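Student: Pasting a structure below so you can have a look.
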Amino acid sequence: MIHTLIFDIGNVLADFNWRGYLAGWKLPKEEHEIVEQALFMSPMWKEVDRGACPDEELLNLICKKAPGYEELIRRIYAGAGVAVQEYAYAPGMLKQLKEMGYGVYILSNYGKAFYEERKPYFHFLEYTDGQVISYQEKQVKPEPEIYETLLSRYQICPEESVFFDDLRANLEAAEEFGIHTVQVTGYESILEGLGRFGIRLEL
């Protein structure tokens with residue numbers, strides 16, 4: 001019997017469209033590729049999510065990877081929070097699940113500045129029973145420690161829970177704890193995933 005539903009934020013409850021955001025800058029092809037690789041595709045992005053180092057320190061390291069583009073990278077980074085927009089279905093879906101009696105939780109990789117900027121626009125948070133956000137814990141998915149934090153803090157039974165995430169690596173890490181998983185590719189995949197566990201929403 002499933003009692004707990006766990007959701008990632010990016011590409012599950014909110015659209016993380018960094019490619020669209022970057023395209024909106026209308027950079028020449030070479031500059032676009034340099035910024036893409038130095039910023040959004042950089043391993044440093046995960047360290048932003050971890051929150052163990054100050055953003056400014058990480059940004060300095062990112063800029064060193066693209067000499068001559070520091071000012072541009074800093075401007076793009078400063079506005080990147082808007083790349084995440086809540087999906088219209090998210091608040092109503094979580095509200096309905098909560099009213100059905102399920103425990104509803106968030107498990108998400110998210111950097112401090114970006115999360116605090118977007119949090120007021122995440123209306124779905126009103127319908128959650130708790131959140132584990134990476135920068136607050138200094139832990140990131142798919143490392144096992146962040147799953148341990150979620151399970152122990154909220155006394156969640158893994159076998160009675162389902163985790164919805166868009167990335168296979170994050171789901172595989174959850175499965176190591178015995179958590180059921182659903183890979184999210186859009187709203188329909190969430191509905192199908194819920195249906196596999198006998199959970200039907202009123203559309």
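The values are calculated or read from the model by the stated rules, or taken from the named source; none is laboratory data. Because the structure is a prediction, the values reported are computed rather than measured. Reconstructed Cβ throughout: ideal geometry from the backbone, glycine too, with neighbour counts over all protein chains shown. These area figures cover heavy atoms from the full protein model, side chains too; ligands, DNA and RNA do not enter into them. Shrake-Rupley method; radii C 1.70, N 1.55, O 1.52, S 1.80 Å.
Student: Expressed as a whole percentage, what fraction of the accessible surface of the chain belongs to carbon and sulfur atoms when a 1.4 Å probe is rolled over the protein heavy atoms?
Tutor: That share works out to 51 percent.
Student: I would also like to ask the following. Write down, largest first, the equivalent ellipsoid semi-axes of region 64-109 in whole Å, where each equals the square root of 5 times an eigenvalue of the alpha-carbon gyration tensor.
Tutor: One finds semi-axes of 39, 12, 5 Å for region 64-109.
Student: Let me ask something else. Which whole-number percent gives the relative contact order of region 13-106, counting Cα pairs below 8 Å spaced six or more residues apart?
Tutor: Relative contact order here is 43 percent.
Student: What does DSSP give for the chain in terms of the percent of beta bridges that are antiparallel, rounded to the nearest 5?
Tutor: So the antiparallel bridges amount to about 15 percent of the total.
Student: Same structure, new question: For the chain, please report how many Lys pairs fall under 22 Å Cα to Cα, leaving out neighbours fewer than 8 apart on the same chain.
Tutor: Lysine pairs meeting the criterion: 16.
Student: Find, to one decimal place in angstroms, the Kirkwood hydrodynamic radius of region 32-99, where the mean of 1/r is taken over every pair of different Cα atoms and then inverted.
Tutor: Every distinct Cα pair counted, the radius reaches 13.8 Å.
Student: Follow-up. Alpha carbon centre of region 69-100 versus region 145-186: separation in Å?
Tutor: 21 Å
Student: Could you check which residue among Asp49, Asp15, Asp165 shows the biggest mean-square fluctuation in a GNM of the chain with a 10 Å Cα cutoff?
Tutor: Between Asp49, Asp15, Asp165, it is Asp15 that shows the largest mean-square fluctuation.
Student: For a quick check, take a GNM of the chain with Cα springs below 10 Å and name the residue from Lys141, Lys29, Lys119 with the largest mean-square fluctuation.
Tutor: Comparing Lys141, Lys29, Lys119 in a Gaussian network model of the chain, the most mobile one is Lys29.
Student: Moving on. Tally Lys/Arg at +1 and Asp/Glu at -1 over every other residue whose Cβ is under 15 Å from the Cβ of Leu61; what's the total?
Tutor: -1
Student: Further, regarding this structure: Where is the GNM fluctuation largest for the chain (alpha-carbon springs, 10 angstrom cutoff): Leu27, Leu107, Leu39?
Tutor: Highest fluctuation of the listed residues: Leu27.
Student: For q = 0.16, 0.20 Å⁻¹, what log10 I(q)/I(0) does region 57-161 give under the Debye formula with an equal point scatterer on each alpha carbon and no solvent?
Tutor: Cα-only, vacuum Debye calculation for region 57-161: -0.85, -1.12.
Student: Lys95 versus Glu148, label points 7 Å from Cα toward the beta carbon: distance in nm?
Tutor: 3.9 nm
Student: Kindly report the accessible area of the chain per residue (heavy atoms of protein chains, probe 1.4 Å, no ligands, DNA or RNA), in Å².
Tutor: 49 Å²
Student: What number results when the radius of gyration of region 20-64, computed over Cα atoms, is divided by 2.2 N^0.38 Å?
Tutor: My calculation over the Cα atoms of region 20-64 gives 1.23.
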